[in-house]
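For reference, the structure discussed in these notes is given below.
What follows draws every value from the coordinates through simple rules; no lab data is involved. Just so we're clear, the structure is a prediction, and the values are computed from it rather than from any experiment. Note that each Cβ is placed from the backbone with ideal geometry, even for glycine, and that neighbours are counted across all protein chains shown.
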Amino acid sequence: MRHFVSAACGLWLAAVAPVGAEPVVIVELYTSQGCSSCPPADEFVAMLASDPRILPLALHVDYWDYIGWADKFAQGKFTDRQRAYAKAVGSRTIYTPQLIIGGQDRIEGFSPEETADRLREHLASGSTIRLTVTREGDQLVIRAEADPPLDAPVRVQLVRYKPQETVNIERGENAGKTVTYHNIVTSWEGLGNWEGQQPLELSAPYEGQEPGAVIVQTAGPAAILAAVRVD
């Protein structure tokens, strides 16, 4: 499995010359410690994270907890976010594992080759928004400018995540497995709307050492127009 996944990763790593760590393509993984199909996707996150142009974020959902193992990272708001994505495209079904790339491309199950194809497209597309973030003590200063100006307001969001944690799963579908999770989302908060006609400048609290990201996304939720990591 690892050899196959590594080969698939090479499809996009070789496709575009390396650039700086920002901006990044956001890859949301909806996963659960109680889902037997999820460990390969969870491992895949670590491989995606090795490319500085890609920021995978693991959002643990809570709808598998009833099987007998409560996912310690799960939050109901992450389930709500996944359901909102489904509703935005007229679907009543949600899956684990599921990848959502750039807020647009939805991949159900574990599909490294399809993921590579979609990532190549996003890496090549660029952005019409110039987004910069600087940290000043316990504050972030976020600046953005759209060229051309936006046609509709967008949502500015702040994500925090834990880089890594290993869990011994004692019950449920993955009973007996030890899984190392990567880029585990701990919070996903809205900072406000931006009309996109004039340059944006806003400040937000940013305490502690957990890394994060600032994300500018259209309503739906739908396309992520710009994102930068905060280390």
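Data table
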item: Residues of segment 187-201 classified as surrounded by 14 or more Cβ atoms within 10 Å (Cβ to Cβ) and either basic (Lys, Arg) or part of a strand (DSSP E or B) (or both), total; result: 4
item: Residue check for Ser127: under 21 Å from the mean Cα position of the chain (by Cα), among the polar types (S, T, N, Q) and outside any strand (DSSP E or B); result: yes
item: Residue count, segment 94-124 (criterion: in a strand (DSSP E or B) and either farther than 30 Å from Leu200 by Cβ or among the charged types (D, E, K, R) (or both)); result: 5
item: Filtered residues of segment 202-231 (kept if surrounded by fewer than 21 Cβ atoms within 10 Å (Cβ to Cβ), in contact with a Lys or Arg (Cβ under 6 Å, 6 or more places away or on another chain) and assigned to a strand (DSSP E or B)); result: Gln217
item: Identity of the residue in segment 71-93, assigned to a loop (DSSP other than H, G, I, E, B), in contact (Cβ under 8 Å) with a residue 12 or more places away in the chain and out of contact with any Ser or Thr (no Cβ under 7 Å at 6 or more places or on another chain), that ends up surrounded by the most Cβ atoms within 10 Å (Cβ to Cβ); result: Phe73
item: Residues of segment 55-70 classified as outside any loop (DSSP other than H, G, I, E, B), buried (at least 20 other Cβ atoms within 10 Å of the Cβ) and among the hydrophobic types (A, V, I, L, M, F, W, C), total; result: 4
item: Hey, Leu158 touching a Lys or Arg at 6+ places or on another chain (Cβ under 9 Å) and hydrophobic (A, V, I, L, M, F, W, C) or not; result: no
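To keep it simple, each residue is scored yes or no on (1) among the polar types (S, T, N, Q); (2) farther than 16 Å from Ala226 by Cβ; (3) more than 13 Å from the chain's Cα centre (by Cα).
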{"site": "Leu55", "(1), (2), (3)": "no, no, no"}
{"site": "Val61", "(1), (2), (3)": "no, yes, yes"}
{"site": "Trp64", "(1), (2), (3)": "no, yes, yes"}
{"site": "Tyr95", "(1), (2), (3)": "no, yes, yes"}
{"site": "Ile101", "(1), (2), (3)": "no, no, no"}
{"site": "Ser111", "(1), (2), (3)": "yes, yes, yes"}
{"site": "Thr115", "(1), (2), (3)": "yes, yes, yes"}
{"site": "Arg118", "(1), (2), (3)": "no, yes, yes"}
{"site": "Leu140", "(1), (2), (3)": "no, no, yes"}
